[in-house]
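The values are calculated or read from the model by the stated rules, or taken from the named source; none is laboratory data. What you see is a predicted model; the values in this text were computed from it and never measured. So basically every Cβ, Gly included, is an ideal-geometry build from the backbone, and we count neighbours across all protein chains shown.
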């Protein structure tokens, strides 16, 4: 996001470090237009979680679990928001080293001195200068941390204890999300230094959450009655509304990752729309051809698949490439949500891995094949980051590293949480429904 976004979307700011050191140089000022766009982006990315993801997921579970599913996203929004303020932001974006930040922004301290000045991430030659205050940058990043954790709940819907989910989310945010965000988006991060391209979160958000969801689904086991009981969605109208909010919010997710109101942000918004539309059509064609009818669930799943896949590529590709990425993502997501999970035998309830994991991998790899150099050109890299075999191999390496790290640490954390509070509700509680057994409420 900021790493390959701001560093290349704001080349003039990147080259300004030496000028700031001169006595005669004018004091850097916050750009109100860039700040206004980033404030707007932060708000609509938060909207993606509540109410967007809450409605999207709640509409796809059974009636007895609708409130519990909404509660998971709502509670995670609050939990991760506090954790981000306390230590998560510092671990992700503190100076630190190649693998983790530091505690320089513990409790978001240290902002008072330069609260009204443009924020620079990192220091020295690798520093990335922006035209927005740190408060806005921290808020924007918070919304990404929130939705990443919330996405995991789709893989464990209908069967995970609320207490276990809260404890796991807290540990996972600090020990998985924050380190990976540091690797990819901080100038000191080792994946940043490797040259991997991730404009808005293909690795940090979607592969990260998708792999965590896959591991969690396997560790928890299948839902009671999976494969025999009717598990049709309670209210697809909820899910359609949620998907619509996700689609709109994704413009803040991707175009906001340009960290300013720029031409690159405009291109990121355009390709986001094109990829999502292409993926919807591809999913529907695949579904129509194999199942005889195009479904509403397929249409909204296709949209999310395309949005996921274009996320790492949004600031690097042109419209034609975006359409190809969207079509490939629609087909890949359909395969991931249908054939793959049945072949492998795991119960990824709402296809967190099938859509986010598979399409996140798809988009990250295709970025290396379709990147258009001039979009990311800067004073430091005048030719930008273009498609090449070497770039593709870098993308493969980054994807593999995040996949393995997330899978291993997620597995360990789940086992720790299971030992402390237990992961899963009882069979009786699952059959009765989590709305009543965990929260004492039900939909009338």
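The conditions of being without any contact (Cβ under 8 Å) to a residue 24 or more places away in the chain, assigned to a helix (DSSP H, G or I) and closer than 22 Å to residue 258 by Cα are not met by residue 41.
Answer yes or no as to whether residue 207 is farther than 22 Å from residue 358 by Cβ and within 12 Å of the chain's Cα centre (by Cα).
Numbers: farther than 22 Å from residue 358 by Cβ: no; within 12 Å of the chain's Cα centre (by Cα): yes.
No; evaluated as a whole, the condition is false for this residue.
Residue-wise test of (1) more than 25 Å from residue 237 (Cβ to Cβ); (2) touching a strand residue (DSSP E or B) at 6+ places or on another chain (Cβ under 6 Å); (3) surrounded by fewer than 24 Cβ atoms within 10 Å (Cβ to Cβ).
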site	(1), (2), (3)
270	yes, no, yes
279	no, no, no
283	no, no, no
305	no, no, no
319	yes, no, yes
325	yes, no, no
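In the range 289-303, what count of residues is obtained for those that are more than 29 Å from residue 266 (Cα to Cα) and surrounded by 21 or more Cβ atoms within 10 Å (Cβ to Cβ)? Give the derivation first.
Applying the first criterion (more than 29 Å from residue 266 (Cα to Cα)) to the range 289-303 yields 289-297.
Then keep just the ones that are surrounded by 21 or more Cβ atoms within 10 Å (Cβ to Cβ); that gives none.
Here the count works out to 0.
Checking 314, 282, 299, 303 one by one, the residue that is in contact (Cβ under 8 Å) with a residue 60 or more places away in the chain and under 16 Å from residue 337 (Cα atoms) is 303 and no other. The set of residues in the range 97-119 being surrounded by 14 or more Cβ atoms within 10 Å (Cβ to Cβ), more than 23 Å from the chain's Cα centre (by Cα) and touching a residue at least 40 places away in the same chain (Cβ under 8 Å) consists of 118 alone. Scanning the range 16-38 for residues being part of a helix (DSSP H, G or I) and either at pLDDT 95 or above or on the phi > 0 side of the Ramachandran plot (or both) gives a total of 7. From the list 192, 162, 199, the one residue that fits, being surrounded by fewer than 24 Cβ atoms within 10 Å (Cβ to Cβ) and out of contact with any strand residue (DSSP E or B) (no Cβ under 9 Å at 6 or more places or on another chain), is 162. Residue 215 meets each of the listed conditions (1) within 30 Å of residue 136 (Cα to Cα); (2) touching a helix residue (DSSP H, G or I) at 6+ places or on another chain (Cβ under 6 Å); (3) surrounded by fewer than 24 Cβ atoms within 10 Å (Cβ to Cβ) apart from (1).
Restricted to the range 368-383, and to residues that are free of Cβ contacts under 8 Å to residues at least 40 places away in the same chain and assigned to a loop (DSSP other than H, G, I, E, B), which residue is farthest from residue 317 (Cα to Cα)? Filtering the range 368-383 for residues that are free of Cβ contacts under 8 Å to residues at least 40 places away in the same chain and assigned to a loop (DSSP other than H, G, I, E, B), the one farthest from residue 317 (Cα to Cα) comes out as 382.
The rows are residues; the columns are (1) modelled with pLDDT under 95; (2) in contact with a helix residue (DSSP H, G or I) (Cβ under 7 Å, 6 or more places away or on another chain); (3) buried (at least 17 other Cβ atoms within 10 Å of the Cβ).
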site: 348; (1), (2), (3): no, yes, yes
site: 356; (1), (2), (3): no, yes, yes
site: 367; (1), (2), (3): no, yes, yes
site: 375; (1), (2), (3): no, yes, yes
site: 378; (1), (2), (3): yes, yes, yes
site: 383; (1), (2), (3): yes, yes, no
site: 387; (1), (2), (3): no, yes, yes
site: 390; (1), (2), (3): no, no, no
site: 398; (1), (2), (3): no, yes, yes
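Going residue by residue through the range 130-137, is there one that turns out to be surrounded by fewer than 21 Cβ atoms within 10 Å (Cβ to Cβ), modelled with pLDDT of 95 or more, under 29 Å from residue 405 (Cα atoms) and under 23 Å from the mean Cα position of the chain (by Cα)? Looking for residues that are surrounded by fewer than 21 Cβ atoms within 10 Å (Cβ to Cβ), modelled with pLDDT of 95 or more, under 29 Å from residue 405 (Cα atoms) and under 23 Å from the mean Cα position of the chain (by Cα), one finds none in the range 130-137, hence no.
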